[in-house]
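Remarks on the structure that follows.
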4 protein chains.
Amino acid sequence: MFEKSVDAQINAGVHGIIIGGSLGEASTLMTNEKEELIKSGIKISAGRAPVVLNIAEASTKDALKQVALAKQWSTQGLMLLPPMRYKADERETVEYFKAIADSTDLPIMIYNNPVDYKIEVTLDMFEELAKCKNITAVKESTREVSNVTRMKNRFGDRYKILCGVDTIAMEELLLGADGWVAGLVNAFPMETVAIYELVRQSRIEEATIIYRWFMPLLELDIHPKLVQYIKLAQAQTALGTEYVRAPRLILSGEERKKILGTIDDGIASRPSLPEHLGIRSKTSAYA
Amino acid sequence: MFEKSVDAQINAGVHGIIIGGSLGEASTLMTNEKEELIKSGIKISAGRAPVVLNIAEASTKDALKQVALAKQWSTQGLMLLPPMRYKADERETVEYFKAIADSTDLPIMIYNNPVDYKIEVTLDMFEELAKCKNITAVKESTREVSNVTRMKNRFGDRYKILCGVDTIAMEELLLGADGWVAGLVNAFPMETVAIYELVRQSRIEEATIIYRWFMPLLELDIHPKLVQYIKLAQAQTALGTEYVRAPRLILSGEERKKILGTIDDGIASRPSLPEHLGIRSKTSAYA
Amino acid sequence: MFEKSVDAQINAGVHGIIIGGSLGEASTLMTNEKEELIKSGIKISAGRAPVVLNIAEASTKDALKQVALAKQWSTQGLMLLPPMRYKADERETVEYFKAIADSTDLPIMIYNNPVDYKIEVTLDMFEELAKCKNITAVKESTREVSNVTRMKNRFGDRYKILCGVDTIAMEELLLGADGWVAGLVNAFPMETVAIYELVRQSRIEEATIIYRWFMPLLELDIHPKLVQYIKLAQAQTALGTEYVRAPRLILSGEERKKILGTIDDGIASRPSLPEHLGIRSKTSAYA
Amino acid sequence: MFEKSVDAQINAGVHGIIIGGSLGEASTLMTNEKEELIKSGIKISAGRAPVVLNIAEASTKDALKQVALAKQWSTQGLMLLPPMRYKADERETVEYFKAIADSTDLPIMIYNNPVDYKIEVTLDMFEELAKCKNITAVKESTREVSNVTRMKNRFGDRYKILCGVDTIAMEELLLGADGWVAGLVNAFPMETVAIYELVRQSRIEEATIIYRWFMPLLELDIHPKLVQYIKLAQAQTALGTEYVRAPRLILSGEERKKILGTIDDGIASRPSLPEHLGIRSKTSAYA
């Protein structure tokens, strides 16, 4: 099923695959399981899209160890969160990022999500991090769309900006974000890529129709149970299963019924897509 | 100065003038001062743009009284907040809005700002309010850009949506908002209107250049001291003065210096505008 | 009914009466109604307890006007909030307080409630306000019980501290608060005074029994609908009616049933009180 | 130094030692380091106070594994957090707690800290957990002092309540909390125990003097850098060192100077303590 899912996404035109999402079930994965997922992903991709590992560790020591392993496994890039389980201050967070960046030649995308992880990577901190050549991108999840403009004003094209919040992705792409680290792409890869490609071609009306249709589904991405919700969506589009690991439990009762209703309504009213695959942009947001 | 300011805005192409902004100094105005401002505004506008009064009262009785006065003064529309000074629940808020809407034939724009006023007007409440024919628009200030999409999905074109937060206006206009109740328009009317008109023509790149330039100034709109900040900007663009009424105090020291720096930087780097006045759209967002 | 209510409270042993609570219905009162309430309160009290007016205005000018009227009406003290409807900064808030304090010889209690009114009166601001001799007390509603200790450490007995949050009153009295500006006292004056007096005598076990019984009722005080809830409680203890002014609506349906259940449970299990009236302390917290 | 610290606390009269505090550096500890700390703690205690391990894991599987190890190491009790890194809902959190409680015969104290960990263990959830005989206590860190009264009203003595927030400990002990999981006890064990014992004897005035003196130090416990702050305090009272593991960094510059000032002021004005050791209560809050 992992193979089918990765393959469907790459076929739809995504430019990269990220393994080990931190709001996902990564914290329940053993090291050998991560290795297996990375190696398997690389094999399935077969060079069509880079495979990236998310680094979300509580100590600098553990993070360095994980990064070294990622390199050994031939991972092609890193997504990097501030330290987990401690609200590090600016100096500590920057030191943490630098220690990791200096230890590897892999390209790094900083994951900036103060809503879920409390630590905000501020513009001043990005200024400091600009010295690290391999920190090349940011997953922008501050939920403030104007942060795209602030980043562009301050850094021009120094950092690739990838929107990390499904429900505001089209807005951020329109204002200059370079990419979209999507959630519902797992269940609806074609629609996700269609919006991205249409916006790049300034075909706003067509993109808006798909985005409006998509919104009730995209909202599943900003809930604590996004894993269960997106997996249920994947089950309905034949790209995954509902299975989760404890402490997560499979949805039940009224909640499952309600979410299933949203998903099935979406599937029943799927918009027709333009021939977007033929227009796949040649450059990857992450290369 | 009031005359000069209103005239400059209408000449720049705004489609309406709102008097008595509630985050502004309206709460320091006496009734006779409101009357004077409304009547003066109508005279200056001379039919070029409707003049609207903001209703922000603590009791239903006071609000009804104010609305009746507005009508007597020939006000052409109302902006309407939930009750002040009490966190009314859904039933109470809807009853309040209905009581006011039923008392007048003036068109009403609901001002939805749960961040500053605690009460959110939810989609379900707008469903209920759809029965009131003269509630025709919403000033959308929830700070959630996706709310534009949610409103469009639920109500189609039943309500005109006007963005009420300067820093996310271009994003919301791109996604289908009908207008922009702007703040920095008081100091920079041409640039504000230019962005609005360019977006309506899908000239995104040109709009983005102006919007990025504008952002540091637009951020002055989302601060508790927006009145002092915008007035200082107006003073610098010769469209107003710094004078405020107590408890507000005129800016001083480091704070004034910093804000002045932002404003003067903006003025020094003003972008050239397209010949947008010739392209003023014929329909008013508020008629 | 106003007479009965005030009389019941003074008979129970309260040391002061405050008119015009700002989370109450004061914002729906006309000036002449305030005058009537103050004058009537003074008459009923007949010197047994001072009558205090709450000042909650949006402009310095309006506040000064209201304070002058209060003096004319023979009000014996003022409770004073930061400016309404504007998040004044420290300098502005202190200037506001000073302007009012300097205009009158009435004793003033600052009402410090950053949760409901956004502006916190910090220790540094109280330092500045210490110059105003007639600012003698603070209604402590920050919800942080440790603020009592912080105030005592910084100011000793310079300010009387009166707890403004029913649900943490016993804790604050135990740690040195001088009084309690109570909410449920309107419906349960005897029990409120009993806790206050028992704590002053270090009879903690007896006070705890009453306080635990009282807690589900005291929680009615920290809800946006405290007016409706407390009025319903007063109706049940024959010290008031349910009537409220719009935009507030009388409770209905499930909500009314639930609150009524809490109130009736409380009444049915009222604890026996010690002979506390005989032990009424001779000094008023507010004189 | 670990030996000296544990010994000092037990000599001062604490009733238990908790290893692996989750806001502490536990997330940087390897399993074998935890084992060493537990075994060493048990040896130093030599039966004078139980040694408890904090369980803060991201998956049920990892938590069960850790609990089994704790038992092997002869740990005498567990402190248990909701799952880390996932905002489990009520059903999931209760299932998680039950799975762990059912797997062991060790007594368990639930750590209820929604401020730092987002998940609140509600009264209804405690109702459900009452079925687990070995869940015997709660570390109450909701920051709401009235929660002590709510818990007592609902559950009587079913759960021991231990205050988990230094700055509100005296208030909660006065209202019936059974114990205090203290932070600054690491640097000031005698003063911490003195307050606890004096409150139990209703010697409120004496306790208040110590508590007021203690407050500026206790506030070090409610800051993200509590580890660095408390370690600096321990260094100054010769009960520890400043050393921390990355991503934490040792304090420097103005921040270190300021905190050191607070600590040294506290040491310079240490209050004399009553002969409290002679009055050590015979029963442990945790047995």
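The values are calculated or read from the model by the stated rules, or taken from the named source; none is laboratory data. As the structure is a computational prediction, the values presented were derived from the model and not from experiment. Ideal geometry is used to build each Cβ from the backbone, glycine not excepted, and the neighbour counts take in all protein chains shown.
Tell me yes or no: at least one residue of the range D:36-47 is over 30 Å from A:Leu251 (Cα atoms), surrounded by fewer than 18 Cβ atoms within 10 Å (Cβ to Cβ) and acidic (Asp, Glu). Before the answer, list the steps.
Initial filter on the range D:36-47 (over 30 Å from A:Leu251 (Cα atoms)): D:36-47.
The next check asks that each one be surrounded by fewer than 18 Cβ atoms within 10 Å (Cβ to Cβ); those that pass are D:36, D:39-40, D:43, D:46-47.
Now narrow it down to the ones that are acidic (Asp, Glu): D:36.
Yes, the conditions are met somewhere in the range D:36-47.
For the range C:133-161, give me each residue that is of a type in the set (D, E, K, R) and in a loop (DSSP other than H, G, I, E, B). Result: C:Lys133, C:Arg143, C:Glu144, C:Asp157, C:Arg158.
When A:Arg212, A:Arg154 are checked against the criterion of being touching a residue at least 12 places away in the same chain (Cβ under 8 Å) and either facing another protein chain (nearest Cβ under 10 Å) or not β-branched (Val, Ile, Thr) (or both), a single residue qualifies: A:Arg154. A:Asn113: surrounded by fewer than 17 Cβ atoms within 10 Å (Cβ to Cβ) and polar (S, T, N, Q), yes or no? Answer is no for this residue.
Among the residues of the range D:59-113, which ones are aromatic (Phe, Trp, Tyr) and within 24 Å of D:Val165 (Cα to Cα)? First the steps, then the outcome.
Residues of the range D:59-113 that are aromatic (Phe, Trp, Tyr), as a first pass: D:73, D:86, D:96-97, D:111.
Correct list: D:Tyr86, D:Phe97, D:Tyr111.
Can you go through A:Thr149, A:Thr93, A:Thr136 and tell me which one is surrounded by 16 or more Cβ atoms within 10 Å (Cβ to Cβ), away from chain D (no Cβ under 14 Å) and closer than 19 Å to A:Val67 by Cα? The conditions single out A:Thr136. In the range B:1-20, which residues are of a type outside the set (Phe, Trp, Tyr), touching a Leu at 6+ places or on another chain (Cβ under 9 Å) and either surrounded by fewer than 18 Cβ atoms within 10 Å (Cβ to Cβ) or in a helix (DSSP H, G or I) (or both)? Once the filter is applied, which keeps residues that are of a type outside the set (Phe, Trp, Tyr), touching a Leu at 6+ places or on another chain (Cβ under 9 Å) and either surrounded by fewer than 18 Cβ atoms within 10 Å (Cβ to Cβ) or in a helix (DSSP H, G or I) (or both), the range B:1-20 yields B:Met1, B:Lys4, B:Ser5, B:Ala8, B:Gln9, B:Asn11, B:Ala12.
If a residue has to be in a loop (DSSP other than H, G, I, E, B) and aliphatic (A, V, I, L, M) to count, how many in the range C:118-132 make the cut? Write out each step before concluding.
Kept after step one, since they are in a loop (DSSP other than H, G, I, E, B), are these residues of the range C:118-132: C:118-122, C:130-132.
Filter again for aliphatic (A, V, I, L, M), leaving C:119, C:121, C:130.
Of the residues in that region, 3 qualify.
Among residues of the range A:234-248 that are within 14 Å of chain D (Cβ to nearest Cβ), those with a beta-carbon under 9 Å from a residue that is modelled with pLDDT under 95 and not in a loop (DSSP other than H, G, I, E, B) at least six positions away or on a different chain give the pairs A:Val244/A:Thr28; A:Arg245/A:Thr28; A:Ala246/A:Thr28; A:Pro247/A:Thr28; A:Arg248/A:Thr28. In the range B:157-175, the residue that is nearest to B:Val227 (Cα to Cα) out of those that are away from every other protein chain (no Cβ under 11 Å) and buried (at least 21 other Cβ atoms within 10 Å of the Cβ) is B:Gly164. Within the range B:139-158, is even one residue among the aromatic types (Phe, Trp, Tyr) and either modelled with pLDDT under 95 or in contact with a strand residue (DSSP E or B) (Cβ under 8 Å, 6 or more places away or on another chain) (or both)? So far as the range B:139-158 goes, no, none of its residues is among the aromatic types (Phe, Trp, Tyr) and either modelled with pLDDT under 95 or in contact with a strand residue (DSSP E or B) (Cβ under 8 Å, 6 or more places away or on another chain) (or both).
Only one of the listed residues (D:Glu191, D:Glu206) is surrounded by 17 or more Cβ atoms within 10 Å (Cβ to Cβ), of a type outside the set (Phe, Trp, Tyr), touching a helix residue (DSSP H, G or I) at 6+ places or on another chain (Cβ under 7 Å) and more than 18 Å from D:Val6 (Cβ to Cβ). That residue is D:Glu206.
Taken over the range A:1-57, residues that are in contact with a strand residue (DSSP E or B) (Cβ under 7 Å, 6 or more places away or on another chain) and more than 21 Å from A:Met109 (Cβ to Cβ) amount to 0.
Within the range D:193-208, the set of residues being within 11 Å of chain C (Cβ to nearest Cβ) and hydrophobic (A, V, I, L, M, F, W, C) comprises D:Val199, D:Ile204, D:Ala207. Applying the condition of being without any contact (Cβ under 8 Å) to a residue 24 or more places away in the chain and either part of a loop (DSSP other than H, G, I, E, B) or under 10 Å from A:Pro247 (Cα atoms) (or both) to the range D:45-73 and asking which residue is nearest to the other protein chains (Cβ to nearest Cβ) yields D:Lys61. Candidates are the residues of the range B:117-133 that are within 14 Å of another protein chain (Cβ to nearest Cβ) and among the charged types (D, E, K, R); the one that is farthest from B:Lys98 (Cα to Cα) is B:Lys118.
Counting the residues of the range D:74-117 that are of a type outside the set (Phe, Trp, Tyr) and assigned to a loop (DSSP other than H, G, I, E, B) gives 17.
Do we find that C:Pro189 is at pLDDT 95 or above, under 16 Å from the mean Cα position of the chain (by Cα) and within 11 Å of another protein chain (Cβ to nearest Cβ) in this structure? Quick ask: steps written out before the conclusion?
Values: at pLDDT 95 or above: yes; under 16 Å from the mean Cα position of the chain (by Cα): yes; within 11 Å of another protein chain (Cβ to nearest Cβ): no.
No.
I'd like to check something: does the range C:188-198 contain any residue that is among the hydrophobic types (A, V, I, L, M, F, W, C) and in contact with a Gly (Cβ under 7 Å, 6 or more places away or on another chain)? Yes; the residues of the range C:188-198 include at least one that is among the hydrophobic types (A, V, I, L, M, F, W, C) and in contact with a Gly (Cβ under 7 Å, 6 or more places away or on another chain).
Could you list, in sequence order, the residues of the range C:31-69 that are polar (S, T, N, Q) and farther than 22 Å from C:Asn113 by Cα? Break it down stepwise before answering.
Of the range C:31-69, the ones polar (S, T, N, Q) are C:31-32, C:40, C:45, C:54, C:59-60, C:66.
Answer for the range C:31-69, where residues must be polar (S, T, N, Q) and farther than 22 Å from C:Asn113 by Cα: C:Thr31, C:Asn32, C:Ser40, C:Ser45.
Does any residue of the range B:13-21 turn out to be more than 12 Å from chain C (Cβ to nearest Cβ), closer than 20 Å to B:Thr241 by Cβ, of a type in the set (Val, Ile, Thr) and in contact with a helix residue (DSSP H, G or I) (Cβ under 9 Å, 6 or more places away or on another chain)? Yes; the residues of the range B:13-21 include at least one that is more than 12 Å from chain C (Cβ to nearest Cβ), closer than 20 Å to B:Thr241 by Cβ, of a type in the set (Val, Ile, Thr) and in contact with a helix residue (DSSP H, G or I) (Cβ under 9 Å, 6 or more places away or on another chain). Filtered by the rule that a residue be among the small types (Gly, Ala, Ser), more than 16 Å from D:Leu218 (Cβ to Cβ), outside any helix (DSSP H, G or I) and away from chain A (no Cβ under 13 Å), the range D:249-278 gives a lone residue, D:Ser272.
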